[in-house]
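K.L.:
Quick one: the structure is below, and I'll ask about it shortly.
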Amino acid sequence: MAIDTLFREIAAATLVFLLTRLFLGSLLLHLKPARKLPPGPKGWPVVGALPLLGTMPHVSLAQMAKKYGPIVYLKMGTCDVVVASTPNSARAFLKTLDMNFSNRPPNAGSTYMAYNCQDMVFADYGPRWTSLRKLCNLHMLGAKALEDSAGIRAIETGHMVRAMCESSQRGEAVVISEMLTFAMANIIGQVILGRRVFGEKGAESNEFKDMVVEHMTLAGQFNVGDFIPAIAWIDLQGIERKMKRAINKWDALIRKMVTEHTELAHEREGNPDFLDVLMANTENPQGPGLSMTNIKALLLDLFTAGTDTSSSVIEWALSEMLLNSNILKRAQEEMDQVIGRNRRLQASDIPKLPYLQALCKETFRKHPSTPLNLPRMSSEACEVDGYYIPKDTRLIVNIWAIGRDPDIWENPLEFNPERFLSGKPAKMDPRGNDFELIPFGAGRRICAGARMGVVMVEYFLGTLVHSFDWKLPDGMVELNMDETFGIALQKAVPLAAMVTPRLHPNAYDA
């Protein structure tokens, strides 16, 4: 047989074989019962549901939940995405199926803003993540570590209220987010580095605040390239370019911190700070084997999440009180009865201040620090409420929608701390145990700083409410309550307010 004839027959046989497989595969696909995905919008060709998210994804996704139900399925580009928007659906994913959803999906944020997943927030669930988490709990974020750092918080709060008193004497409005970021960065700096990050408030601290806001905003954006990898290189929205510039600024700042810290090692002999502990674990063969990149990534996590999330919650709380003076008055009356006006609030006072605690919970409910939890991804296919969830599906929990669910909360758009003073809400814990109130997420990937976040919000908000009377600047008749979406839910227009000291003058010297 001629060679060319043989090749033609082989080619023909191959074609028949492929067509037969294609036909049988198609037949089996139609005979096999389709697995039921959760309901959701059809979306657009190629990009899927991405254009439906708009500029306020948490709001758009909440509206979809009203139409389609508590679990919504979205096809975003080439990716499967499910969104849980009720306490029961969140519990199903974050508790019942917690292990299956213990990892994060790859994206530009984890690549460029987290040193390629070398931090604690984006790292895969495993030994390194567990080691970082244990070190943070033991030396910074756990109950004992927070108790040990109470003195640092008191000192930095003292610096803050005195600076606010000076602004009051000059007749200047206080931009509360700047004051809070400055104080919180110095608290974190003292715990991690053994020193204040900023000597006094100025251009350097304002630049730091801008870097924090930029970081949290960029990391929270829905990047088209994350959902359509084939076009990621184009960087259609310019997000990756901005991320690269941002991380270069952060890297320079952190390297400067580490260099200065190393130069002062002799001053901490026998009294190591958190960075000393981390550095020791790079040299310990029995330890987690941390690299310098792991340490830089972790410091970035702590400085950004540790300042921005808490300060945004406090800013929202004060804004709500400026809209409702009766809430401010009641909180101040409670503190005057428990503390008086001759000293500032102390951490030991907070358990005796149920209205303050209710005020903080109500703010966590209506203005959660993180409106959408950082996405997780299914390691295996699973089933939830009768719906099929494919492998590698991205999970989003709409924390903002849960806090405004009218089936759970009476008059959910009303800011009413009293709802947390009686009944079931009075016993709710915002640290992941009650799925009606999960501002920090839940499950094994709950925000590592949840305990610290509650402590910071209660202590700083209580201090500000007790120490000052608050009003809008002269000539301002309305307070802008618009949101700006990011990992943390910022006020679109930062709160600027006039403060008047209300304690004995000696209280501000402590």
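K.L.:
Please give, to one decimal in nm, the separation of the simple spin-label points placed at Y388 and T130, each 7 Å out from Cα toward the Cβ.
P.N.:
In this crude spin-label approximation the distance works out to 3.4 nm.
K.L.:
Sequence neighbours fewer than 8 away in the same chain don't count; with that in mind, list the aspartates and glutamates whose C-alpha is under 18 Å from K249.
P.N.:
D119, E204, E207, D210, E214, E240, E260, D301, D308
K.L.:
List the lysines whose Cα lies under 27 Å from the Cα of K244, skipping any in the same chain that are fewer than 8 positions away.
P.N.:
Filter leaves K209, K256, K296, K491.
K.L.:
Under 5 Å between amide H atoms, partner at least 5 residues away or on a different chain: which partners does E483 have, H built in plane at 1.01 Å?
P.N.:
Placed amide hydrogens put A492 under 5 Å from E483.
K.L.:
So for segment 257-348, what percent of the C-alpha to C-alpha distances run longer than 23 Å? Please report the intermediate quantities before stating the final value.
P.N.:
Numbers: 2273 of 4186 pairs.
In whole percent, the long-distance tail amounts to 54.
K.L.:
Find how many whole Å separate the alpha carbon centroid of segment 390-452 from the alpha carbon centroid of segment 264-334.
P.N.:
One Cα centre to the other: 22 Å.
K.L.:
Ok, one more. Check each of the chymotrypsin sites (Phe, Trp or Tyr not before Pro) in segment 255-341 and keep only those in coil by DSSP with at most 12 other C-beta atoms within 10 angstrom; list them in order.
P.N.:
Details: sites: F274, F303, W316; in loops: none.
Here no loop site has a sparse enough neighbourhood.
K.L.:
With a 1.4 Å probe and every protein chain left in place, tell me how much accessible area E263 has, in Å² to the nearest 10.
P.N.:
The accessible area of E263 comes to roughly 120 Å².
K.L.:
Counting Lys +1, Arg +1, Asp -1, Glu -1, what net charge surrounds V224 among other residues with beta carbon under 11 Å of its beta carbon?
P.N.:
Numbers: positive: none; negative: D226, D235, E240.
Net charge in that neighbourhood comes out at -3.
K.L.:
How charged is the neighbourhood of S369? Take every other residue with its Cβ under 11 Å from the Cβ of S369, and add Lys/Arg as +1 and Asp/Glu as -1.
P.N.:
Numbers: positive: none; negative: D308, E315.
Net local charge, S369 excluded: -2.
K.L.:
Moving on. Take each of the peptides 103-115, 49-61, average the number of other beta-carbon atoms within 10 Å over its residues, and list them starting from the highest.
P.N.:
Details: 103-115: 21.1, 49-61: 17.8.
Result, highest mean Cβ count within 10 Å first: 103-115, 49-61.
K.L.:
If ligands, DNA and RNA are left out, what is the accessible area of Y73 with a 1.4 Å probe, given in Å² to the nearest 10?
P.N.:
Per-residue accessible area (Y73): approximately 30 Å².
K.L.:
Of all the accessible heavy-atom surface of the chain, with the other protein chains kept in place and a 1.4 Å probe, what percent is carbon and sulfur?
P.N.:
Ligands and nucleic acids excluded, carbon and sulfur give 55 percent.
K.L.:
I'd like the projected area of segment 355-510, averaged over all directions, using the convex hull of its alpha carbons. Report it in nm² with one decimal.
P.N.:
On the way: hull surface 48.9 nm².
Approximately 12.2 nm², given one-decimal rounding.
K.L.:
A further question on this structure: Over segment 384-466, what is the relative contact order in percent, taking alpha-carbon pairs closer than 8 angstrom and at least six residues apart? Show your work: numbers first, answer last.
P.N.:
Details: 46 pairs, mean separation 13.7, N = 83.
For segment 384-466, the relative contact order is 17 percent.
K.L.:
Right, something else. Given a 1.4 Å probe and the protein chains all in place, what does the accessible area of S89 round to, in Å² to the nearest 10?
P.N.:
Roll a 1.4 Å probe over it and S89 shows about 0 Å².
K.L.:
Could I ask something else about it? Please give me the summed charge of the neighbours of I188: other residues whose Cβ is under 12 Å from its Cβ, Lys and Arg +1, Asp and Glu -1. Don't skip to the end; give the middle numbers.
P.N.:
Values: positive: R153, R195, R196; negative: E156, D273, D301, D308.
With Lys, Arg at +1 and Asp, Glu at -1, the neighbours total -1.
K.L.:
On to the next question. Work out, step by step, the length gained on full extension between D482 and A347: first 0.36 nm times the residue separation, then minus their alpha carbon distance; give nm to one decimal.
P.N.:
Values: separation 135, 0.36 × 135 = 48.60 nm, distance 3.20 nm.
The D482-A347 span can extend by a further 45.4 nm.
K.L.:
Please identify the DSSP H helices in the chain that span no less than 24 Å along the helix axis (Cα) and have a mean Kyte-Doolittle hydropathy of 0.5 or more.
P.N.:
Helices meeting the criterion: 3-31, 176-193, 292-323, 450-467.
K.L.:
Another question about this same structure. Ignoring ligands, DNA and RNA, what accessible area per residue does segment 314-431 give at 1.4 Å, in Å²? Please report the intermediate quantities before stating the final value.
P.N.:
On the way: 4970 Å² over 118 residues.
Ligands and nucleic acids excluded, the figure is 42 Å² per residue.
K.L.:
Once the piece of chain linking E414 and L472 is laid out straight, how much longer is it, given 0.36 nm per residue of separation minus the C-alpha distance between them? Numbers along the way, then the final one.
P.N.:
On the way: separation 58, 0.36 × 58 = 20.88 nm, distance 2.06 nm.
Working it through step by step, the gained length comes to 18.8 nm.
K.L.:
Taking the Cα centre as origin and putting +1 on Lys and Arg beta-carbons and -1 on Asp and Glu beta-carbons, what dipole magnitude results for segment 421-489, to the nearest 20 debye?
P.N.:
Details: 7 positive and 9 negative charges, 115 e Å.
Here segment 421-489 has a charge dipole of around 560 debye.
K.L.:
Now for a different question. Divide by every residue of the chain the summed helix terms, -39500 (n - 2.57) for each DSSP H run of at least 4, and state the resulting mean residue ellipticity at 222 nm, rounded to the nearest 500 deg cm²/dmol.
P.N.:
Numbers: 17 runs with 244 residues, N = 510.
Value at 222 nm, helices only: -15500 deg cm²/dmol.
The values are calculated or read from the model by the stated rules, or taken from the named source; none is laboratory data. Everything quoted here is computed from the prediction, not taken from an experiment. Because the Cβ atoms are built from the backbone with ideal geometry, glycine has one as well, and the counts that use them run over all protein chains shown. What goes into the accessible areas is simple: the full protein's heavy atoms, side chains included, and nothing from ligands, DNA or RNA. Shrake-Rupley method; radii C 1.70, N 1.55, O 1.52, S 1.80 Å.
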